[in-house]
């Protein structure tokens, strides 16, 4: 074999390998989609293929340039090309059943449906928005505004994006229908109805909302060994990972560049406008002062003449803040996180309105903040009150009650008060009071905190097991009143012991306290328990040991009656045993009083007013109301009565 011939063979083997190593940069993103169909509701011409069915021609689907709702901008704040939106105004005098249906659309593999909607999460109870899809043989509901609002906690209207999967309709021709049905609801608007398909070729943009992530995927060929990404407007702005994840906080259109290289060479791919970030209106969320306590009766209980810190916990990207803090030394404030104090005892309302270019959103708490006086306090969050339940341990009994786990006592921890205070009694809400040991004594005590655990007992009181209270209709407390009020100025515990665990041939003890829902791992936990120490033969040694529950993150429905500074004057006297009783009987809300009822207002636990009447009767039908917890505020003979009810 000649040298020339050998060289040709080696070159022919080496050449394909050289070509395989030449890199070519390319990329896509998980969020990249290709539009199959778009309806922007910008003109009658564009809408001509959609069919309208109406029962109320004066209040049906039509095109509008902007919403009627104060603080809600036109959709052009989100999509600058928008000229109109699809809307239906509410009618509080006549029924509406308004339906608008799309033309037939072929759904591709990986198909998605997206749209924006603006609606009030409370008033959809009376007139609801739904989206359905039909392939001609059956109709399926894709979206229900009322159900979504209940699950998400949405209340005040604002523009919201929705994304729905259409996998089960792949390769089918379908029609979509927006339904508005009911009476006395609120305005609804729709915009940017889009059918899209996942597109991982790299040719379609990644479209997200502010604060969302883009998951980039490297499609480069030629076996690159290094990657240099540049993300204008992204966090991080650069990356050397093969498949980085980047967050975009601000609305806009952004380029992305990728440079790949190996030992043979390098290549770059840049796509202008690859990431499209859309504005969304913020969601107002108030962070109540840590200087106060949570309460089953008010959102927050605060001391007088003490600086307290409100915090903005709003979602989205607000750029403006307007606080209305009734009763404070700064009743109107535009700070993001205001610091105020309350000079006078009272029950006050508050609100926060946040905004950006996409709109505004407000949260209002009526009669939700108490300054001074005395109040029952607990560690249960406002959004947890509708889901209180016992912790059932099956045949081991209950955590927070009767048990067969050698737990002799339970405790609820409370943080150090911002101002020295007094505790005169403890209210405990029981989920079960069944007992075969009626003379068993349930002991409730106040204990100092020592080394993070219950320590010295400051006061105790006992109640017989057969005197514990429970009601199927509402949350009824059992009151444990101390002989004298106890002063506290440090963190403290309320301990509960003496739960019987006996059985007869017919029944067994089953006493249990209500607890908050189980929180995520690492969440707030304020519960402790006392265990009997066992010997090597698993027999009690007679010694007891307190320990924090680090396996369950929850709180007991245990409520000491606390008074900052002094309890000589109280604005909570309406909760005394002699107060007029508000209760539920046969789906009727009743007020048991012979005195004049001047007004009654009813609120959700988040402070949303759902009913008010300046000249009410002593009973009100609530058979059509949603299940849940409500706060009733009645003015009776010139005095305010506040009571929580459960449906």
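Which number in (1) under 24 Å from residue 133 (Cβ atoms); (2) surrounded by fewer than 19 Cβ atoms within 10 Å (Cβ to Cβ) marks the one condition that residue 81 misses?
Going through the list (1) under 24 Å from residue 133 (Cβ atoms); (2) surrounded by fewer than 19 Cβ atoms within 10 Å (Cβ to Cβ), residue 81 breaks only (1).
Is at least one residue of segment 243-259 touching a strand residue (DSSP E or B) at 6+ places or on another chain (Cβ under 9 Å), in a loop (DSSP other than H, G, I, E, B) and more than 18 Å from residue 31 (Cα to Cα)?
no
Conditions tested, residue by residue: (1) part of a strand (DSSP E or B); (2) under 30 Å from the mean Cα position of the chain (by Cα); (3) in contact (Cβ under 8 Å) with a residue 40 or more places away in the chain; (4) within 22 Å of residue 281 (Cβ to Cβ).
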| position | (1), (2), (3), (4) |
| --- | --- |
| 147 | no, yes, no, yes |
| 156 | no, yes, yes, yes |
| 164 | yes, yes, yes, yes |
| 184 | no, yes, yes, no |
| 190 | yes, yes, yes, yes |
| 217 | yes, no, yes, no |
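Test residue 358 against the stated conditions and say whether it is in contact with a helix residue (DSSP H, G or I) (Cβ under 6 Å, 6 or more places away or on another chain) and closer than 30 Å to residue 149 by Cα.
Yes.
Against the conditions (1) without any contact (Cβ under 8 Å) to a residue 12 or more places away in the chain; (2) outside the structural domain of residue 535 (by TED's automatic domain parsing), where does residue 348 fall short? Just the number, please.
Among (1) without any contact (Cβ under 8 Å) to a residue 12 or more places away in the chain; (2) outside the structural domain of residue 535 (by TED's automatic domain parsing), residue 348 violates only (1).
Could you tell me which residue of segment 219-228 is farthest from the chain's Cα centre (by Cα), considering only residues that are free of Cβ contacts under 8 Å to residues at least 60 places away in the same chain and assigned to a strand (DSSP E or B)?
Top of the filtered list is 226.
Condition check: over 21 Å from residue 429 (Cβ atoms), in contact with a strand residue (DSSP E or B) (Cβ under 7 Å, 6 or more places away or on another chain), in the same structural domain as residue 444 (by TED's automatic domain parsing) and surrounded by 15 or more Cβ atoms within 10 Å (Cβ to Cβ). Does residue 512 satisfy that?
In short, no.
Could you please let me know if residue 478 is in contact (Cβ under 8 Å) with a residue 40 or more places away in the chain and surrounded by fewer than 16 Cβ atoms within 10 Å (Cβ to Cβ)?
Against the criterion (in contact (Cβ under 8 Å) with a residue 40 or more places away in the chain and surrounded by fewer than 16 Cβ atoms within 10 Å (Cβ to Cβ)), residue 478 does not qualify.
Picking from 425, 412, 386, which residue would you name as being touching a residue at least 40 places away in the same chain (Cβ under 8 Å), in a helix (DSSP H, G or I), within 21 Å of residue 514 (Cβ to Cβ) and in the same structural domain as residue 466 (by TED's automatic domain parsing)?
One residue alone meets the criteria, 386.
Quickly run through segment 234-252 and pick out the residues that are free of Cβ contacts under 8 Å to residues at least 40 places away in the same chain and closer than 17 Å to residue 207 by Cα.
Once the filter is applied, which keeps residues that are free of Cβ contacts under 8 Å to residues at least 40 places away in the same chain and closer than 17 Å to residue 207 by Cα, segment 234-252 yields 235, 244, 245, 246, 247, 252.
Give the residues of segment 580-626 that are touching a strand residue (DSSP E or B) at 6+ places or on another chain (Cβ under 6 Å), assigned to a loop (DSSP other than H, G, I, E, B) and at pLDDT below 70, sorted by residue number.
580, 605, 607, 614, 616, 618
For the condition at pLDDT 90 or above and not assigned by TED's automatic domain parsing to the domain that holds residue 127, what is the one hit in 219, 160?
None of the other options fit; the residue is 219.
Of all the residues that make up segment 102-113, how many are surrounded by fewer than 23 Cβ atoms within 10 Å (Cβ to Cβ), at pLDDT below 95 and either part of a strand (DSSP E or B) or not assigned by TED's automatic domain parsing to the domain that holds residue 192 (or both)?
1
Out of 375, 324, which single residue is buried (at least 20 other Cβ atoms within 10 Å of the Cβ) and either on the phi < 0 side of the Ramachandran plot or free of Cβ contacts under 8 Å to residues at least 60 places away in the same chain (or both)?
375
The values are calculated or read from the model by the stated rules, or taken from the named source; none is laboratory data. Everything numeric here is computed off the predicted structure, so don't read it as measured data. Cβ atoms come from the backbone with ideal geometry, glycine included; neighbour counts cover every protein chain shown.
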